[in-house]
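Chemist: Before anything else, here's the structure in question.
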Amino acid sequence: MVLLHSANGTDWQSPPKGTGLKTLAEAEEQGFIQIRGEFQKRQFRLTSLGLEYVNRDKRRLEARRM
């Protein structure tokens, strides 16, 4: 969730510090992100499924705060 919520839309970006390869691989496997590059130059972006999931989760969290 931290990885998905840290994403800035569907633009290519570097993963947040401390994000492991396993986390990226799991998110990619579930269809939430796409990955490109290798090692320190690795980047990710949200897929349409990932963007929809993040937006829905943000709305859910906001509703809990009310």
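Chemist: For Kirkwood radius over Cα pairs in Å, the listed values are (i) 13.0; (ii) 14.7; (iii) 12.2; which was obtained by calculation from the structure presented?
Modeler: (iii)
Chemist: Now, a different point. For helix 48-65, what angle does its Cα long axis make with the longest principal axis of the chain, in degrees from 0 to 90 and rounded to 10?
Modeler: Helix 48-65 sits at roughly 40 degrees to that axis.
Chemist: Of the options GLY31, MET66, LEU21, report the single residue whose Cα projects farthest towards the positive end of the charge dipole of the chain (beta-carbon charges: Lys, Arg +1; Asp, Glu -1).
Modeler: MET66
Chemist: Could I ask something else about it? Could I have the simple spin-label model distance between MET1 and THR23, label points 7 Å from Cα toward Cβ, reported in nm to one decimal?
Modeler: A separation of 1.3 nm, rounded to one decimal place.
Chemist: Quote the relative contact order of the chain in percent (integer), defining contacts as alpha-carbon pairs under 8 Å separated by 6+ residues.
Modeler: Worked out over the chain, it gives 34 percent.
Chemist: Tell me, what is the per residue accessible area of the chain in Å², probe radius 1.4 Å?
Modeler: Using a 1.4 Å probe on heavy atoms only, each residue of the chain averages 76 Å².
Chemist: Search the structure for amide H atoms under 5 Å from the amide H of ILE33, placed 1.01 Å from N in the peptide plane, and list their residues when 5 or more places away or on another chain.
Modeler: Those lying under 5 Å, H to H, from ILE33 are GLU28, THR47.
Chemist: Treating only the Cβ of Lys, Arg, Asp and Glu as charged (+1, +1, -1, -1), what charge dipole size does the chain show about its Cα centre? Round to the nearest 20 debye.
Modeler: 280 debye
The values are calculated or read from the model by the stated rules, or taken from the named source; none is laboratory data. None of these values were measured; they are calculated from a predicted model. Please note: Cβ atoms are built from the backbone with ideal geometry, for glycine as well, and neighbour counts cover all protein chains shown. Keep in mind that these areas ignore ligands, DNA and RNA; they rest on the heavy atoms of the full protein, side chains included. Shrake-Rupley method; radii C 1.70, N 1.55, O 1.52, S 1.80 Å.
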